[in-house]
Amino acid sequence: MSRLHKLAIVGASGAGKTEAALAHALMAARRGPVLFICDNDEVARLHRQQAQMEPAPKPIVFCGLGRFVMLSAFSEPFQTMVIDTAMTRVTANQVLIFASRAAQHHGEAWIVQTHATPS
């Protein structure tokens, strides 16, 4: 039986949602491979540098929103997908498809997404 879990990190702008998402990614790397989706590849590079200061037992792959489909389609299913960017309906559906595939592969999978509260 496969299970798909969803976790939302909610807060106002500047409240530390990205830092919480990075911390969750590092903890999730203990369970299995993690994909961290950012706004673009430049932001992904900065997060990658920040995360490399902490040892992770499993790989954490950082990518921009434009590249996540390619990474998800052609790699082993990521057990945790952390999304720190706004998504379109199409992108959200693609995330669900890949997460469902990961849940079947690993037995369970996680989708963690940051959400900004209206100011």
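The values are calculated or read from the model by the stated rules, or taken from the named source; none is laboratory data. In this text the structure is predicted, and so the values were computed from the model without any measurement. Counting neighbours? That spans all protein chains shown, and the Cβs are built from the backbone with ideal geometry, glycine included. Ligands, DNA and RNA are stripped out before the accessible areas are found, and what is left, the full protein with its side chains, is counted by its heavy atoms. Shrake-Rupley method; radii C 1.70, N 1.55, O 1.52, S 1.80 Å.
Which residue, of Met1, Met53, Met70, is in a helix (DSSP H, G or I) and either among the hydrophobic types (A, V, I, L, M, F, W, C) or modelled with pLDDT under 90 (or both)?
Met70
Would you point out which residue out of Val10, Val34 is open to solvent by 30 Å² or more (accessible area, probe 1.4 Å) and of a type in the set (Val, Ile, Thr)? I'd like the intermediate steps shown before the answer.
Numbers: Val34 fails: open to solvent by 30 Å² or more (accessible area, probe 1.4 Å).
Answer to the selection: Val10.
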Of all the residues that make up the stretch 82-95, how many are touching a residue at least 60 places away in the same chain (Cβ under 8 Å) and either open to solvent by 20 Å² or more (accessible area, probe 1.4 Å) or of a type in the set (S, T, N, Q) (or both)?
1
In this structure, does Thr85 turn out to be among the hydroxyl-bearing types (Ser, Thr, Tyr), part of a helix (DSSP H, G or I) and closer than 20 Å to Ile9 by Cα?
no
